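Student: Mind having a look at this structure? Questions to follow.
The values are calculated or read from the model by the stated rules, or taken from the named source; none is laboratory data. Predicted model, so just to flag it, every value in this text is computed and none were measured. Virtual Cβ from ideal backbone geometry, glycine too; neighbours counted across all protein chains shown. Remember, those area values only see protein heavy atoms, side chains included, never the ligands or the DNA or RNA. Shrake-Rupley method; radii C 1.70, N 1.55, O 1.52, S 1.80 Å.
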Amino acid sequence: MSILVLASLIWTTPGEAAQKVLFDTGHGERFLVNNPGPLQLSGLAEILKSAGAEVATIDQPFSDATLAGAHAVVISGAFNALHPAEIEALQRFMQGGGKLAVMLHIAPPMATLLESLHVTYTNGVVQERQNVIDNDPIRFYVQQIEPHPALSGVTRFSVHGAWGLMNLAHTARVVAATGPQAWVDLNMDKVQEKKETASFGVAVAGDVGKGGFIAFGDDALFQNKFLDDDNRYLARSLAGWLNN
């Protein structure tokens, strides 16, 4: 057998079993991995599969039993809060090496989970003055990016209605942020006040035991219609981290 043929066989020989990535469907999520619609997540699922992951869904409460065998969990666009026992199970999951990715559609249902990760959020979506898309201040490119494995090689991505995220302790850190002139409409009057202008986090990450988490202030960035070249690159980087 020639060296080239042998090398080809080695390259194509299946390796270890695929890592299972669970997408939560048990907390009112409306944007799903098995739906090809424009606001759905089938494109993200395909990217994960291309990275070697096994994609599955979970519609049962998080527990040690329902998380058994999983390598990572994705909670994208949840409309219902997690029970405290579910948060405890996710904490144990991460302590043992599991990874968690959270993407916010509406932030309040995820408040308790985020607080357990030492993360909080603004009282509304962030509006930008820089890198705005189609003159819509809630749609903009994020270019302030810090090193993190889930953002490896990412130089920018777009969000389409992102809650600002802030770390509450050194165990979490902002890994992607707006420019310094962003603001939040605290008074709900669509009038910008100077005191509101700041740089806001749009992604926060941290380690928990042997595992860790990343939270994005927006869930639209991974929806099919917004998977442009930049966000697709981000999705591939996230897939690599979730599957590693």
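Student: Per residue and in Å³, how big is the convex hull formed by the alpha-carbon atoms of segment 116-244?
Tutor: Per residue, the Cα convex hull of segment 116-244 comes to 109 Å³.
Student: What is the distance, in nm, between label points placed 7 Å from the Cα along the Cα-to-Cβ direction at ALA198 and at ASP134?
Tutor: Here the answer is 3.0 nm between the modelled labels.
Student: With all protein chains present and a 1.4 Å probe, how do ARG156, ARG30 order by accessible area, largest first?
Tutor: Values: ARG156 80, ARG30 150 Å².
Ranking ARG156, ARG30 by accessible area, largest first, yields ARG30, ARG156.
Student: Can you say what percent of the DSSP beta bridges in the chain, counting only those with both residues inside, are antiparallel? Round to 5.
Tutor: Values: 27 of 45 bridges.
Antiparallel bridges make up about 60 percent of those DSSP assigns within the chain.
Student: Can you run the Rg to Rh ratio on segment 10-155? Use alpha carbon positions and the Kirkwood inverse-distance Rh.
Tutor: Working: Rg = 16.9 Å, Rh = 17.2 Å.
The Rg/Rh ratio comes out at 0.99.
Student: Next question. Kindly count the pairs of lysines across the chain whose alpha carbons are less than 25 Å apart, treating pairs on different chains or eight or more residues apart as eligible.
Tutor: Total qualifying Lys-Lys pairs in the chain comes to 7.
Student: Among ASN80, ASN135, ASN231, which one moves the most in a GNM of the chain with springs linking Cα atoms closer than 10 Å?
Tutor: Of the options given, ASN135 has the highest mean-square fluctuation.
Student: Any idea what angle helix 3-12 forms with the longest principal axis of the chain, computed on alpha-carbon atoms, 0 to 90 degrees, nearest 10?
Tutor: Long axis of 3-12 versus the principal axis of the chain: about 50 degrees.
Student: Related question: Run the accessible area of segment 21-65 with a 1.4 Å probe and give the carbon-and-sulfur part as a rounded percent. Provide the component values of the computation, followed by the final result.
Tutor: Values: 1050 of 2110 Å².
Solvent-exposed carbon and sulfur of segment 21-65 make up 50 percent of the total.
Student: Okay, next question. Given 0.36 nm per residue, what is the gain on full extension from LEU39 to ASN80 after removing their alpha carbon distance, in nm?
Tutor: Values: separation 41, 0.36 × 41 = 14.76 nm, distance 1.89 nm.
Gain in length upon complete extension: 12.9 nm.
Student: In square angstrom, rounded to the nearest 10, how much accessible surface does ASP207 have for a 1.4 Å probe?
Tutor: Probe radius 1.4 Å; accessible area of ASP207 about 120 Å².
Student: Where a ≥ b ≥ c are the square roots of the eigenvalues of the C-alpha gyration tensor, would you call segment 90-151 rounded, which needs a/c under 1.5, or, failing that, prolate if a/b is larger than b/c, or oblate? Could the numbers behind the result be given before it?
Tutor: Working: a/c = 3.15, a/b = 1.70, b/c = 1.85.
Oblate, since a/c reaches 1.5 and b/c is not below a/b.
Student: If you don't mind, there's one more thing I want to ask. Any idea what the dipole of the chain comes to, in debye rounded to 20, about its Cα centre with Lys/Arg Cβ at +1 and Asp/Glu Cβ at -1? Kindly include the intermediate steps, with their values, before the conclusion.
Tutor: Values: 16 positive and 24 negative charges, 75 e Å.
The calculated dipole for the chain is roughly 360 debye.
Student: What part of the accessible area of segment 68-160, given as a whole %, is carbon or sulfur when the probe is 1.4 angstrom? Could the numbers behind the result be given before it?
Tutor: On the way: 1800 of 3860 Å².
Answer for segment 68-160: carbon and sulfur cover 47 percent of the accessible area.
Student: Under 1.5 on a/c is rounded, so check that first for segment 122-174, then, if it is not, pick prolate when a/b is larger than b/c and oblate when it is not; a ≥ b ≥ c are the square roots of the alpha carbon gyration tensor eigenvalues. Show your work: numbers first, answer last.
Tutor: Working: a/c = 2.96, a/b = 1.31, b/c = 2.25.
Since a/c reaches 1.5 but b/c is at least a/b, the shape of segment 122-174 is classed as oblate.
Student: Moving on to the next point. How many Å² of accessible area per residue for the chain, probe 1.4 Å?
Tutor: Per-residue value: 48 Å².
Student: What longest range of the chain stays clear of loop-exposed GluC sites (Glu not before Pro) (DSSP non-H/G/I/E/B, at most 16 other C-beta within 10 angstrom)? Before the final figure, lay out each step's value.
Tutor: Values: sites that count: GLU16, GLU193.
Within the chain, the longest run free of exposed GluC sites (Glu not before Pro) spans 17-192.
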